[in-house]
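Here the structure is laid out as structure tokens; the discussion comes afterwards.
Just so it is clear, none of the values below were taken in a lab; they were calculated from the coordinates. Predicted model only: the values in this text are computed from it and were never measured. As a convention, Cβ positions derive from the backbone with ideal geometry for all residues, glycine included, and neighbour counts pool all protein chains shown.
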Amino acid sequence: MHTYGQLAAGDSLISYAGRRWAAMDSHTYTLNPYCGRVVPPRSVLHRRLPHAWRLQRGAGRGYPESAFKIATFDRWLIVVSGRRMVQELRKRPVDELSGPLGFQENFQIKYVLEPAVLSDRYHGEVAKEKLLKKVSTLLPNIIDEVFVAVDDNVPIGGGEWNSVHITSLMSKILARASNRAFVGLPLGRNEEFLKLAVGFAMHFAKGAGVLRLVPNFMKSFLAPFVSNGKDDISRAVPYLRPIIEERTRAAAKLGEAWSDKPNDFLQSLLDRAIPKGESVSLVTQRLFMFNFAAIGTSSSAKNPGLAASLREEAHTCISANGWTGAALGSMWKLDSVLRETLRYYGVGLVSMTRKVLKDVTLHDGTRLPAGTLVSANAYSMHHDGALLEDAGKFDPLRYARMRSVEGQGLKHQFAVTSPDYIPFGHGPRACPGRFLASYTLKAVLAYILLRYDLKLAGDGARPQSAYVSLAVVPARDGRVLFKKREVLVRLGMGSELSDGVE
Ligand code: HEM
């Protein structure tokens, strides 16, 4: 599962680089068809090349419709490649390949969350209901929050270029937008609470990365030292307790007659948690899982021509429809830049991780033994020239062009998955937050483009992506220069601004 990812506007929404993962992440792989051995600890030490290198240049490309495996310290990860294999992951029943258990194991969740959260995953159902069925009801508040969060966080110096640390800016804005939907106001703007929510998302992922390197028998002992996730949760409880207590009283007193019942994720959780008598801590743990899914990083524009064209598109769409879902949905160019960024840079080298619950044999005879994890090789498929023309090139407007062909308008959208576009997974378990992510990212980027001129800091080169194990990690030090635009044009929906095109 992932975050808003390394997404942004301009000719390249930049996913940032950092350092390359080194020796700790050394692994070996064995080719198809036999995937059933127990991990020999020795194999971990054999080859000291990172996963990223193998998946990009080695096994993934050499075996496009096949499977190979990577040894981690505690298990094998089987990686399958190609459309047909993706369809197999999608179609296998949950009692054979489990998404939730794959996620739990991949992120070592049992060392951070209490067993009750894992055994009764109703927060997953709440997420799906809010994100798939009721996303349009969340939009007005989210768009409103985007305006305020951008204004609060981008420094405005009269006519000067201001250098901004882009990953931290985007994570603050996205934390604000997401938590407006998760807990509403005023808590969704409380800086201390937001720090804990963002901190949890980071600590949770980092802690899992370290625990995966530790032998199973040591994990329980080491978990408190390598992950601050539990600590973030206990520090967030005092912020949520008074709100939960007040809502519990209101529910008891008003019942069905509660006319101004909040429309946020917290309330949907409470509708289930209160009858079960769940503690504030358990509700906080479930709520923070949403934060983990939603908060991430983004980036910015480097090509002035493209930025101008995206700005013009945003202006046209918002002039016609205001700051609405319809306006954001009609921004095909911006949508294309987002989709191309997720395809080309991505947020992970693999996707659709599943835990194998029963021995499974795939169509080519590959055996997936019970107990292993299996993932789809997203990177190699997204860069396969047989599936997409010029797949090795970052072409920000490619999908806008593809959609303009008659009958193709609905295909190739940022949030539409397919067997060869899997950053959000594919099929019934595909990310339910992808529509919300699409709307929110477009609102943030359109607003920033209309309000600011942008350029990359330093020599103007795009920072290189880094690969930490199987994750694509943004550069820690990526900076973008912002300058407030001078021409003001009023654009719809309650905003006191907005800057428009010159
Ligand atoms: C660019 C942003 C995002 C990316 C790339 C992303 C990617 C993913 C992926 C790959 C999965 C697993 C799919 C599978 O196993 O087949 C997933 C699951 C999930 N995502 Fe996202 N996601 C994003 C944003 C969001 C947002 C904003 C939310 C909102 C809270 C969200 C909520 C979830 C949830 C609840 C699941 C679990 C679904 C289940 O268990 O069935 N995601 N996401």
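Note on Lys110 and Ala461: their simple-model spin labels are 4.7 nm apart, each label 7 Å out from Cα toward Cβ. For segment 262-278 and segment 214-238, write down the distance between their C-alpha centroids in whole Å. The two parts, judged by their Cα centres, are 25 Å apart. Across every pair of non-identical alpha carbons in segment 7-484, the mean reciprocal distance, once inverted, gives a Kirkwood radius of 23.3 Å.
Sequentially through segment 88-101, phi angles give Karplus couplings (6.51, -1.76, 1.60; θ = phi - 60°) of 5, 4, 5, 8, 4, x, 5, 7, 9, 10, 9, x, x, 6 Hz, Gly and Pro residues having no value and appearing as x. For segment 455-468, 3J(HN,Hα) computed residue by residue from phi via the Karplus equation (6.51, -1.76, 1.60; θ = phi - 60°) reads 8, 6, 6, x, 7, x, 7, 6, x, 6, 6, 10, 10, 9 Hz, glycine and proline entered as x.
Across the alpha-carbon atoms of segment 300-371, the computed radius of gyration and Dmax are 20.7, 56 angstrom.
Label reach from Asp364 (point 7 Å along Cα→C-beta): in segment 77-101, amide nitrogens under 12 Å belong to 79-86. Model label sites at Glu245 and Asn263, defined 7 Å from Cα along the beta-carbon direction, differ in position by 3.0 nm.
Computed 3J(HN,Hα) for segment 161-168, one whole-Hz value per residue from the Karplus formula 6.51 cos²θ - 1.76 cosθ + 1.60 where θ = phi - 60°, is 7, 10, 7, 10, 6, 6, 5, 6, glycine and proline marked x.
Note on Lys483 and Ser404: the model spin-label points, each 7 Å out from Cα along the C-beta direction, lie 3.0 nm apart.
May I ask you to list the trypsin sites (Lys or Arg not before Pro) in segment 123-163 that are in a DSSP loop and have at most 16 other Cβ atoms within 10 Å of their Cβ?
Values: sites: Lys128, Lys130, Lys133, Lys134; in loops: Lys134.
Here the trypsin sites (Lys or Arg not before Pro) that fit, given the DSSP loop and packing criteria, are Lys134.
Defining a contact as two alpha carbons under 8 Å apart and six or more residues distant in sequence, what relative contact order in percent does segment 7-484 show? Working shown, then result.
Details: 855 pairs, mean separation 147.6, N = 478.
It rounds to 31 percent for segment 7-484.
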